[in-house]
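Working notes for the structure below.
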């Protein structure tokens, strides 16, 4: 029961975990713990603080194990290992449910197919994964006859890409891949800004660059300042640029971008931080951006890189579905690109490409011919949508200023965000 106590203790310390955990009372084995969780859930949904005092004054102390028991729960709290404790709790619940299924199956002489289906359903956290097709069809019966607003996803800020993908969709994993110096990080930051201005909360996990470096890049692209001037704005910015600076700062602050720049972050770390941000920005959808895929840390260093990447991409896909938000991660391409005449990326150029191709819903490659020709007047960036599970594929061209990091629709005036 230690896992149950650790889960409850963590929830007492961080109330947002009560709802974000997606647990239900029936999944707790200990009756007292079940009562405590049910009481915590009711208080949270009523908008009340959940602590020892509110629990004991709102509900029967006897049903909750008494004051000493509740107070002792906080000693088991481990916020950074919350997901691990939830997993352990669910493992016990699944084993219990599996035994119940087998017991009932033996009594009622179930078929092998039914037993297999019931046991398979336990591999998911949800207590029910059942959908009746008749009920589902009611929702779309009038679809051809009644105009309905199409729910756009998180915008990329590049119109033709958004036309192809309808924006980055909730529950989908997008891979943004390119060779070094093609502009991956700048495109990521461009997406973060555009989505932030449209009401999302962009959450950036930067495993390579520091938060201050990202801040300076964001300011440079927003105000159209050369990055070389960001080293010392006081000395290097011109007077007209200094006049623009406050407006750029104000615009950027409106994006609500959140940055976590720890160098050895794991997927469970990210999940915990996403929950925290969501609790602080209720009513707003998160957009998760990761720089970059193979820098995500795993605890199993004995696995091959291929198996590690496979485990990570699957975990990211699960994360996108669980939080019902878009997840975009940057990825590096292999050096094989450099050996070809046409250096535009292909699927096979993805490092550990098999698992990435399988798990990603959308794969976008970046390519700039100017990187190879060294032509500073060529500012065309190609965004090659190579995989799009629910839409078309193709190539979109945008303008890219490598000195400021600004990305624009092709044909847009280059005056930038600040006119």
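Here are a few things to note about the model shown:
- Checked against the criterion of being surrounded by 13 or more Cβ atoms within 10 Å (Cβ to Cβ), over 16 Å from the mean Cα position of the chain (by Cα) and in contact (Cβ under 8 Å) with a residue 24 or more places away in the chain, the candidates 309, 362, 327 yield just one match: 309.
- The one condition from (1) exposed (fewer than 12 other Cβ atoms within 10 Å of the Cβ); (2) touching a helix residue (DSSP H, G or I) at 6+ places or on another chain (Cβ under 8 Å); (3) modelled with pLDDT of 80 or more; (4) within 21 Å of residue 321 (Cα to Cα) that residue 123 does not meet is (3).
- Selected residue [in contact with a helix residue (DSSP H, G or I) (Cβ under 9 Å, 6 or more places away or on another chain), assigned to a helix (DSSP H, G or I) and over 18 Å from residue 198 (Cα atoms)] from 275, 264: 275
- Restricting attention to segment 67-85 and to residues that are in contact (Cβ under 8 Å) with a residue 60 or more places away in the chain, assigned to a helix (DSSP H, G or I) and touching a helix residue (DSSP H, G or I) at 6+ places or on another chain (Cβ under 6 Å), the residue that is nearest to residue 267 (Cα to Cα) turns out to be 83.
- The residue list 68, 75, 99 contains one member that is surrounded by fewer than 16 Cβ atoms within 10 Å (Cβ to Cβ) and at pLDDT below 90, which is 99.
- Residue within segment 44-57 that is within 27 Å of the chain's Cα centre (by Cα), closer than 27 Å to residue 95 by Cα and either assigned by TED's automatic domain parsing to the domain that holds residue 82 or surrounded by fewer than 15 Cβ atoms within 10 Å (Cβ to Cβ) (or both) present: no
- When 210, 221, 206, 195 are checked against the criterion of being under 30 Å from the mean Cα position of the chain (by Cα), surrounded by fewer than 19 Cβ atoms within 10 Å (Cβ to Cβ) and under 28 Å from residue 169 (Cα atoms), 210 stands alone in meeting it.
The values are calculated or read from the model by the stated rules, or taken from the named source; none is laboratory data. Everything numeric in this text was worked out from a predicted model, so none of it was measured. Don't worry about glycine lacking a Cβ; one is built from the backbone with ideal geometry, like all the others, and counts go over all protein chains shown.
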